[in-house]
Amino acid sequence: MATERVYTRDVSEHIGKQITLKGWAETIRDQGKIAFVVLRDVTDNVQLVITQNDNASVLKQVQNLSTESVIEVTGTAQESDQAPGGREVKINAITVLSEAADLPIPVVEKEEDQTPHISKRLDYRWVDLRKPENRFIFEVWTEVEKAFEEFCRQDNFLEIHSPKIMSSPSEGGSEYFEVNYFDENAYLSQSPQFYKQMAMAAGFEKVFEVGAVFRAEKSFTPRHATEFTGFDVEMSFISDLSDLITWEERMLHYVFTHVRDTLGNRISEMYGTEVVVPEIPFPRLTMKEAKEILSGRNIPSKSPIDVSPEEERALGEYTREQYGHEFVFLTDYSTGVRPFYHMRREEDNGITKSADLLYRGLEITTLAQREHRPEILEKQAEEKGIDKASVDYYIDFFRYGCPPHGGMGIGPSRIIKQMLGLESIREATYLFRGPKRMSP
Ligand code: ATP
């Protein structure tokens, strides 16, 4: 008689009862007259046991089973001192739902150094993600995204989904993908920047978007992808950059509290790191202050107006030592490293009203007040050598009344990389896209 499916996590609640389990045959240990299988499902795993005396034909089926086949088994849940978790299931029926061929990469590595190279793991991502600690990254992702969206909604933000096909590159520069669009050229959106600002002109007041961002960057760093998911936010009637900084502080405090409360224990068990809820206010440093600190620490500076990854890491260490904080806002970026639409300081036109936020020494956000006055925008675009025709449609958004506004672009894969101490955003991305990777 078919019994209801039970998840492996709940087996202990069914001791003495017949249950059905479904999942993957993670390991199979055949000892002749007795065999053991570790069955893994989405919640946990459990040992299955079958002996010749109990059922010789089921034992034979188990002996013919290949590792990682998908199976359905029925049997009795029982306590067991030897089995992991103190429980096991003595099975009396097995159905192979899908037989697995020889595995291209192991799901269970017998020795530590058996982990294949990341590129091989990405080739077989669907097998790689069966490892519970890899799958778990997407539980973290789900909670981060949920909390981010919840925070925005509670704060009366509207959710938008802006188009990813554009008639001109959204951020200019050379980092765009050009695609055929019937008889014309189109460009994949490098950020929802222009269209989220359009929502300000439309009177939406506050918007957020979770969506795909495309960057034709030939970067092979642990923090760059050519396609990634961005969290974008834009809000109206701000007084200055500080309003954006304090909003992001509150948002991250909310997100980190949620992740710590829901997954903090499992994160420290699996990844050996604590989710630290950041105290408000976060430390802030101007670029000038940052450069002084870095030079005091003998960190080489490639540019006086920007920070390299090495400098970002050193600033992360500095703020940890100095303030016991994992975040730091870096302000007062020069116009030389910022786009034309960032608003500039009244008292110093070479400095933008923008910031980057670093988490554990890695940039995770760029924030800025935007220039909403069309004549100044035109001037700033011209100064940057941007073809007027390509941004006219954008500057039009501000011709018919648009409130002062600003916003930010956040990289969730970088947040998760840093939160779990992963080597690269490749690990924190469901299917990574880089200059040399378009499949699977
Ligand atoms: P970087 O200087 O590290 O290349 P950026 O200044 O180009 O980043 P922004 O254009 O300001 O980044 O994008 C906003 C946020 O989006 C960044 O702070 C980061 O978290 C994320 N991000 C940017 N580029 C990438 C990328 N190629 N892959 C993954 N995340 C990215």
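The numbers here are math on the coordinates, done by the rules we state, and not lab data. Quick caveat, the model's predicted, so the values are computed rather than measured. Neighbour counts run over all protein chains shown; Cβ positions are idealised from the backbone, glycine included.
For a 26 Å ceiling on Cα separation, which of these pairs sit above it: 218/288; 196/379; 22/60; 353/388; 120/302?
On the way: 218/288 30 Å; 196/379 22 Å; 22/60 19 Å; 353/388 23 Å; 120/302 34 Å.
Too far apart for the 26 Å limit: 218/288; 120/302.
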Nearest 10, in degrees from 0 to 90: the angle of helix 374-383 to the longest Cα principal axis of the chain is 80
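Tell me, what is a quarter of the convex hull surface for the C-alpha atoms of the chain, in nm² with one decimal? Could you put the intermediate results ahead of the total?
Numbers: hull surface 105.3 nm².
Mean projected area for the chain: 26.3 nm², to one decimal.
At most 14 other C-beta atoms within 10 Å and a DSSP loop state: those are the exposed GluC sites (Glu not before Pro) I care about. Give me the longest piece of the chain that has none. If you can, show how the numbers build up before the last one.
Working: sites that count: 4, 99, 109, 111, 274, 279, 346, 347, 423.
Of all site-free stretches, the longest is 112-273.
Over the chain, what is the relative contact order in percent, taking alpha-carbon pairs closer than 8 angstrom and at least six residues apart? Each step should come with its number before you reach the end.
Details: 839 pairs, mean separation 54.5, N = 440.
The value is 12 percent.
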Backbone HN-Hα couplings from phi across region 414-431 [Karplus 6.51/-1.76/1.60, Hz, Gly and Pro as x]: 6, 4, 5, 3, 6, 4, 9, x, 7, 5, 8, 5, 4, 5, 8, 10, 4, 10
Largest first and rounded to whole Å, the semi-axes √(5λ) derived from the alpha carbon gyration tensor of region 350-440 read 34, 18, 12
Considering amide H positions built from the backbone, and no H for Pro or chain starts, which residues 5 or more places from residue 434, or on another chain, come under 5 Å of its amide H? 226
Report, as a whole number in µm² per second, the diffusion coefficient that Stokes-Einstein gives for region 96-225 at 25 °C and 0.890 mPa s using the Kirkwood radius over alpha carbon pairs. 131
Roughly how many whole Å is it from the C-alpha centroid of region 402-440 to that of region 87-151? 21
Cα-based helix-to-principal-axis angle, 132-154 vs the chain, degrees rounded to 10: 40
Please turn the phi angles of region 88-97 into ³J(HN,Hα) values with the Karplus equation 6.51 cos²θ - 1.76 cosθ + 1.60 (θ = phi - 60°), one per residue in order, whole Hz, x for glycine and proline. 8, 10, 8, 8, 10, 7, 9, 10, 8, 7
Hey, which aspartates and glutamates would be in cross-link range of residue 131, C-alpha to C-alpha under 16 Å, not counting anything within fewer than 8 residues on its own chain? 26, 41, 44, 68, 109, 111, 112, 113, 123, 139, 269, 427
Which of rounded, prolate or oblate describes region 73-159 when judged by the alpha-carbon gyration tensor and an a/c cut-off of 1.5? oblate
Rounded to the nearest 500 deg cm²/dmol, what is the calculated helix-only ellipticity per residue at 222 nm for the chain, with -39500 (n - 2.57) per DSSP H run of length n ≥ 4? -9500 deg cm²/dmol
Using Cβ contacts closer than 10 Å as the measure, can you line up 402, 152 from fewest to most? 402, 152
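Using the 10 angstrom Cβ neighbour count as an exposure proxy, how do 372, 405, 253 rank, fewest first?
On the way: 372 21, 405 24, 253 16.
Ascending Cβ contact count within 10 Å gives the list 253, 372, 405.
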In this structure, the FRET efficiency calculated for residue 79 and residue 135 from their beta-carbon separation, with R0 = 22 Å, to the nearest 0.05, is 0.20
Whole-number percent relative contact order across region 98-153, with pairs defined as alpha carbons under 8 Å at least 6 apart: 28
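Does region 255-346 come out rounded, prolate or oblate by the C-alpha gyration tensor, with a ≥ b ≥ c the root eigenvalues, rounded set by a/c under 1.5 and, if not, prolate when a/b is larger than b/c and oblate if not?
Details: a/c = 2.50, a/b = 1.74, b/c = 1.44.
Prolate is the answer for region 255-346, as a/c is 1.5 or above and a/b outweighs b/c.
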Semi-axis lengths, Å, region 199-307, gyration tensor of Cα atoms, sqrt of 5 times eigenvalues: 26, 24, 20
What one gets for region 179-219 as the Kirkwood radius, inverse of mean 1/r over different Cα pairs in Å, is 12.3
For residue 344, other-chain or 5+-apart residues with amide H closer than 5 Å (H placed, Pro excluded) are 353
Phi-derived 3J(HN,Hα) across region 434-440 with the Karplus relation (6.51, -1.76, 1.60, θ = phi - 60°), rounded Hz, x for Gly and Pro, is x, x, 10, 9, 10, 8, x
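Report relative contact order for region 27-87 in percent, whole number only (criteria: Cα-Cα under 8 Å, sequence separation at least 6). List each step's numbers first, then the result.
Values: 67 pairs, mean separation 17.1, N = 61.
Computed over region 27-87, the figure is 28 percent.
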What angle do you read, to the nearest 10 degrees and between 0 and 90, between the alpha-carbon axis of helix 241-271 and the longest principal axis of the chain? 10
